[in-house]
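**Q** I have a structure I would like to understand better, so I am pasting it below and will then ask my questions one at a time.
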Amino acid sequence: MAEHHQAGNLSDTKFAGVTILNATITIVEFIGGILSGSLGLISDAFHNMEDTLSVVLSFVAHLISKKDSNERQTFGYQRAEILAAFVNSAILIAITIILIFEGTRRLGHPQKINSGIMLLVSIVGLIANLLSMLLMEADSHHNLNIKATFLHMAADTLSSLGVIVAALLIKYFNWFWADPVLTLLTAAWIMKESYSVIKQTVSILMEASPNIDLQQLQQTMLQIPEIVNVHHVHLWRLDEHLIAFDAHINVQSTETMAQLEAIYQKVEQLLKEQYGINHVTLQAECQRGLNENLVYHHKN
């Protein structure tokens, strides 16, 4: 099962760096928000505080996922990262909903704030958030857990950028409505990206089939002359990298154990090359299930 750990090798140093950066931003924005009277900075500080906790959760899940398989967890602990990605994205969506309500409320009742302090603190926040985002970016393409954390960092970066723009508009034009408008735009983008991660994680946790045509897969297997039927198929993802497949195959009663082993090897190679399936379990039968459907329907 060595393939379980081929992705998501984000270093401990990167996780520690992002955690320290977010904790620092949180403290700076709380102080800056109080001094400037900016509710936007204070709410962003709460957002960064949650992000600090999300990075810790992501890191713990990352460590758990590296544990080897055992008698209790025969498939290993890869789904710890899927669960962390789900929790982080769900929390981010909840925060986004709060931001939308708060942004809408503030749009109707703009507040006067010290734009100078707001601008200075938001620039510091932008730099730190941008560094955090860049630390996570490379690993976010092949790991949902890290992607969820990256989205937190990206959301914070956009939020800090929005605060800077709003501070400039307030400073030079007294456009106090700019802050809530930019908050609403940022929230819409965060919601869209977070929903994408939630959808993927739920699909994996519900053991939904990946985007593979089962009928086409069956025809591929039937290209092997010794296989006369394929039924009782299960196809699912253990995580975003490992696709598992099990099925019953009907073969001639004259096949020997050595011949069956050769058939299994042919199927494994074929499915790996054409569909990226990397964990195959087959059960050979003669007459049993010969007329059954491709997908087994469980009866209550």
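The values are calculated or read from the model by the stated rules, or taken from the named source; none is laboratory data. Everything numeric in this text was worked out from a predicted model, so none of it was measured. Cβ coordinates were reconstructed from backbone atoms using ideal geometry, including for glycine residues, and neighbour counts include every protein chain displayed. Just so you know, the surface numbers come from the protein's heavy atoms only, side chains and all, with ligands and any DNA or RNA stripped out. Shrake-Rupley method; radii C 1.70, N 1.55, O 1.52, S 1.80 Å.
**Q** Express in nm, to one decimal, how much length is gained between V295 and Q274 on full extension, taking 0.36 nm for each residue of separation and deducting their alpha carbon distance.
**A** That works out to 5.5 nm of additional length.
**Q** Could you go through region 86-103 in sequence order and give the Karplus-derived ³J(HN,Hα) for each residue, using 6.51 cos²θ - 1.76 cosθ + 1.60 with θ = phi - 60°, rounded to whole Hz, and x for Gly and Pro?
**A** 5, 4, 4, 5, 5, 4, 5, 5, 4, 4, 4, 4, 4, 4, 5, 5, 5, x
**Q** Then there's this: Tally the DSSP beta bridges in region 160-300 and give the antiparallel ones as a percent, rounded to 5.
**A** DSSP beta bridges in region 160-300 are roughly 55 percent antiparallel.
**Q** If you count, for each residue, the other Cβ atoms within 10 Å and average over each peptide, how do 75-82, 137-144 line up from highest to lowest?
**A** For the peptides 75-82, 137-144, the packing ranking is 75-82, 137-144.
**Q** What is the chain's relative contact order, in percent, from Cα pairs under 8 angstrom and six or more apart in sequence?
**A** Result for the chain is 17 percent.
**Q** Nearest 500 deg cm²/dmol is fine: what mean residue ellipticity at 222 nm does the chain get from its DSSP H runs of n ≥ 4 alone, each adding -39,500 (n - 2.57), divided by its residue count?
**A** Roughly -22500 deg cm²/dmol at 222 nm, from the helical runs in the chain.
**Q** A further question follows. With all protein chains present, how much of the accessible area of the chain (probe radius 1.4 Å) comes from carbon and sulfur, to the nearest whole percent?
**A** Accessible surface attributable to carbon and sulfur in the chain totals 62 percent.
**Q** Continuing with this model, one more query. Taking K and R as +1 and D and E as -1, what net charge do the other residues with C-beta under 14 Å from the C-beta of K199 add up to?
**A** +1
**Q** A follow-up question, please. With axes computed from alpha carbons, what is the tilt in degrees of helix 115-137 against the longest principal axis of the chain, rounded to the nearest 10 within 0 to 90?
**A** Its long axis makes an angle of about 20 degrees.
**Q** Here is a follow-up. Charges only on Cβ, +1 for Lys and Arg, -1 for Asp and Glu: so what's the dipole of the chain about the Cα centre, in debye to the nearest 20?
**A** The dipole of the chain has a size of about 940 debye.
**Q** Express the accessible area of the chain per residue in Å², computed with a 1.4 Å probe while the remaining protein chains stay in the model.
**A** 52 Å²
**Q** Another question about this same structure. In degrees, nearest 10, range 0 to 90: what is the angle between the Cα axis of helix 12-36 and the longest Cα principal axis of the chain?
**A** Computed tilt is about 30 degrees.
**Q** In whole Hz, what ³J(HN,Hα) sequence does region 230-237 give by Karplus (6.51, -1.76, 1.60; θ = phi - 60°), x for Gly and Pro?
**A** For region 230-237, the Karplus-derived couplings read 10, 8, 6, 8, 10, 9, 7, 9 Hz, x marking Gly and Pro.
**Q** Local charge sum around T24 (other residues, Cβ-Cβ under 14 Å, Lys/Arg +1, Asp/Glu -1)?
**A** -4
**Q** To the nearest 20 debye, what is the magnitude of the charge dipole of region 214-285 about its Cα centre, counting +1 on the Cβ of each Lys and Arg and -1 on the Cβ of each Asp and Glu?
**A** 120 debye
**Q** By DSSP, what percent of the beta bridges with both residues in the chain are antiparallel, rounded to the nearest 5?
**A** 55 percent
**Q** With axes computed from alpha carbons, what is the tilt in degrees of helix 144-173 against the longest principal axis of the chain, rounded to the nearest 10 within 0 to 90?
**A** Here the helix axis deviates by roughly 20 degrees.
**Q** Also, quick follow-up: Just to be sure I understand, if you calculate Kirkwood radius over Cα pairs in Å for this structure, which of (1) 19.7; (2) 22.1; (3) 24.1 do you get?
**A** Read-out from the structure maps to (2).
**Q** Answer with one residue from L185, L83, A138: the one whose Cα lies farthest towards the positive end of the charge dipole of region 8-206, charges on Cβ with Lys, Arg +1 and Asp, Glu -1.
**A** L185
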